Protein chains: 2
Amino acid sequence: MANYVFGVDVGGTTVKLGLFDISGNLLEKWEIPTRTENGGVNILPDVAASVQAKMEEKAIERDDVAGVGIGAPGPVDGRGIIHKAVNLGWSEMNLKKELSELLGGMQVEGGNDANVAALGEMWKGGGQGHKDLVAVTLGTGVGGGIIINGKVVTGCNGSGGEIGHIHVEDNETEECGCGNFGCLEEYASATGITRLANRQLKACDKDSVLRQGEVSAKTVFDAVKAGDELAIEVAKQFGEYLGKGLGVIAGVVNPEVFVIGGGVSKAGEVLFDYIRPPFERTVFHGCKETKFVLATLGNDAGIYGAAKLVLE
Amino acid sequence: MANYVFGVDVGGTTVKLGLFDISGNLLEKWEIPTRTENGGVNILPDVAASVQAKMEEKAIERDDVAGVGIGAPGPVDGRGIIHKAVNLGWSEMNLKKELSELLGGMQVEGGNDANVAALGEMWKGGGQGHKDLVAVTLGTGVGGGIIINGKVVTGCNGSGGEIGHIHVEDNETEECGCGNFGCLEEYASATGITRLANRQLKACDKDSVLRQGEVSAKTVFDAVKAGDELAIEVAKQFGEYLGKGLGVIAGVVNPEVFVIGGGVSKAGEVLFDYIRPPFERTVFHGCKETKFVLATLGNDAGIYGAAKLVLE
């Protein structure tokens, strides 16, 4: 029986790699640059070379590695094929097959980065002990991962858990990155919170610390904690969109817990003060008790979840 | 190996029963009254007696029956326990255990009626050939069943697929049966369509055939087919709510197909003319091609799906 497993999280700038024992203890983590030029043709060979170099360095035998899990930004279907990873330059790539061949037939499992991070949080993070959970990543965008009975819901073409693009506002005039108008991401991401704050600053002339410096998700929630009324109004708007959106998701898949991560979640549990009231007001009564917890693995959620893909 | 399986669908007025061969051919179906008095204490014994009488009548041996599947109106968890089936008088009932004991230890599987109907449509109805589907029942209320990888999503406490109660309207003043305001059911059910039509009739003085008789989901869609402008406006409102709601669901679980059933679906494919445009306008781009089909099993979906529960 193998003692080790690798987890790989491919981002647009760097690839994060982790070496784990099969109990899920992170033994070592490191990064390599993501070479996106030439259609990203070097990315998987770079990953394979880095994994093999680490095995050599640590004198780990091939038979002692259970496999390599890999998460990447784009829809990944059940066969491990990623479709349209625009940030990496890939059009279509069979993660599982290509990386396995580069590693001499080693077991490889692949998944969407947000889904894989959700799996990581379930395994070793804020969602530990649960098997029905929804992970929500509030970063530059809004990502999501739906886990039911311990398994990620990829959906029929890898679009499962795309909760940043659920429609929550009919009257939006600014286009979302996806081409639609009124997606959750336009209000609940870091950039979305900044958008809401800038709009609120324009809409009224109320005094606020936000008028005296940078407006960001961080400064908004710092101001909320300091009792700034305008910032609190922005937090309420954010909470209305996100709370109602998560209420709909709860009525569909009825998770035990929402695990909230990403840069915005650094604001801490104060987020729940604004998410929970609209959630409870609008959600199906059978789901009102759904728990909210903070993610705990930060940027490592992806490598943890990728490693877990292999061990499932 | 057994040759037969029973499917049972417990409703508030009648219990439907079906005898199937294990390939899913319906050999015979019949009904018995649902005796809801005394906390519904007679319901399961009546079901057991009816199953046993049918076995005797057909000279079917105990060993030749794979089991009995049963669907009932209320949240059913993974252990087969139904919580709060108000229409039946039950507070909490272990469907699987109680009915199995009444049948001398025969295998019994239980599920929520809407979820079980979804399974029936996947097995032998409009969703045949698919394993990721969402069934939507537009009846007196709006029910739903989410099937992922061939399995019903019950959720952590049996509230999975409660899509009639996803929040779709912030400005509703009439309370939904569930106690919330602005649930999908308030606009997309038969009673919801009637509500929208009555409001539209009051809101304008446009001529319409709906002013000259009964206003119902059926008369509204008959009028739509006849080109009645006011009815078409009502159908557009219905389609906006339902199309956008299903768009959100698609972004969460990314099904291959929506199977639309229930009394309202008798209007036929004209429904899709009103559901698809708002769906496509608002859904995540990876889900725009999601198919819409009509359910085909009608009131028999429940007994088919219940039988399938046993064969999974």
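The values are calculated or read from the model by the stated rules, or taken from the named source; none is laboratory data. None of these values were measured; they are calculated from a predicted model. Don't worry about glycine lacking a Cβ; one is built from the backbone with ideal geometry, like all the others, and counts go over all protein chains shown.
Just a few scattered comments:
- Helices (runs of 4 or more DSSP H) (entirely within the stretch A:147-254) containing at least 3 residues that are within 18 Å of the chain's Cα centre (by Cα): A:185-188, A:190-203, A:229-253
For every residue, the table says whether it meets (1) over 18 Å from A:G18 (Cα atoms); (2) not acidic (D, E).
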site: A:E57; (1), (2): no, no
site: A:I60; (1), (2): no, yes
site: A:E109; (1), (2): no, no
site: A:H130; (1), (2): yes, yes
site: A:T140; (1), (2): yes, yes
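- Here A:H130 passes the criteria (1) in contact with a Leu (Cβ under 7 Å, 6 or more places away or on another chain); (2) farther than 27 Å from B:H285 by Cα; (3) within 11 Å of chain B (Cβ to nearest Cβ) except the one numbered (1).
- Within the set A:E169, A:E186, the sole residue that is touching a Cys at 6+ places or on another chain (Cβ under 6 Å), within 14 Å of chain B (Cβ to nearest Cβ) and at pLDDT 95 or above turns out to be A:E186.
- Qualifying residue in the stretch B:227-238 (condition: surrounded by 23 or more Cβ atoms within 10 Å (Cβ to Cβ), at pLDDT 95 or above, within 14 Å of another protein chain (Cβ to nearest Cβ) and closer than 24 Å to A:Y241 by Cα): no
- The residues listed here are B:L184, B:L95; of these, the one that is surrounded by 24 or more Cβ atoms within 10 Å (Cβ to Cβ) and over 30 Å from A:N157 (Cα atoms) is B:L95.
- Residue within the stretch B:224-233 that is of a type outside the set (S, T, Y) and closer than 22 Å to B:I166 by Cα present: no
- Set side by side, the residues A:F279, A:F258 differ, and just one is closer than 18 Å to A:T137 by Cβ, within 14 Å of chain B (Cβ to nearest Cβ) and assigned to a helix (DSSP H, G or I), which is A:F279.
Matching residues to (1) assigned to a helix (DSSP H, G or I); (2) charged (D, E, K, R); (3) modelled with pLDDT of 95 or more:
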{"residue": "A:L99", "(1), (2), (3)": "yes, no, yes"}
{"residue": "A:G105", "(1), (2), (3)": "no, no, yes"}
{"residue": "A:E109", "(1), (2), (3)": "no, yes, yes"}
{"residue": "A:N115", "(1), (2), (3)": "yes, no, no"}
{"residue": "A:L119", "(1), (2), (3)": "yes, no, yes"}
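- Any hit, the stretch B:51-64, residues being in contact (Cβ under 8 Å) with a residue 12 or more places away in the chain, away from chain A (no Cβ under 14 Å), charged (D, E, K, R) and surrounded by 20 or more Cβ atoms within 10 Å (Cβ to Cβ): no
A quick yes/no check of all residues on (1) within 29 Å of A:V134 (Cα to Cα); (2) not assigned by TED's automatic domain parsing to the domain that holds B:G177:
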residue: B:M55; (1), (2): no, yes
residue: B:A59; (1), (2): no, yes
residue: B:R62; (1), (2): no, yes
residue: B:A85; (1), (2): yes, yes
residue: B:L99; (1), (2): no, yes
residue: B:G104; (1), (2): no, yes
residue: B:D113; (1), (2): yes, yes
residue: B:V142; (1), (2): yes, no
residue: B:G158; (1), (2): yes, no
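- Flag if A:G302 is within 12 Å of the chain's Cα centre (by Cα), surrounded by fewer than 24 Cβ atoms within 10 Å (Cβ to Cβ) and not hydrophobic (A, V, I, L, M, F, W, C): no
- Test: A:N157 is modelled with pLDDT under 95 and surrounded by fewer than 24 Cβ atoms within 10 Å (Cβ to Cβ): yes
- Residue in the stretch B:269-281 that is in contact with a His (Cβ under 6 Å, 6 or more places away or on another chain) and either in the same structural domain as B:L27 (by TED's automatic domain parsing) or farther than 30 Å from B:M1 by Cα (or both) present: no
- Residues (surrounded by 15 or more Cβ atoms within 10 Å (Cβ to Cβ) and at pLDDT 95 or above) located in the stretch A:11-21: A:V15, A:K16, A:L17, A:G18, A:L19, A:F20
- Matching residues in the stretch A:22-37 - criterion: being at negative phi and touching a residue at least 40 places away in the same chain (Cβ under 8 Å): A:I22, A:L26, A:K29, A:T34, A:T36, A:E37
- Residue in the stretch A:261-274 that is more than 23 Å from A:L297 (Cβ to Cβ) and out of contact with any Ser or Thr (no Cβ under 8 Å at 6 or more places or on another chain) present: yes
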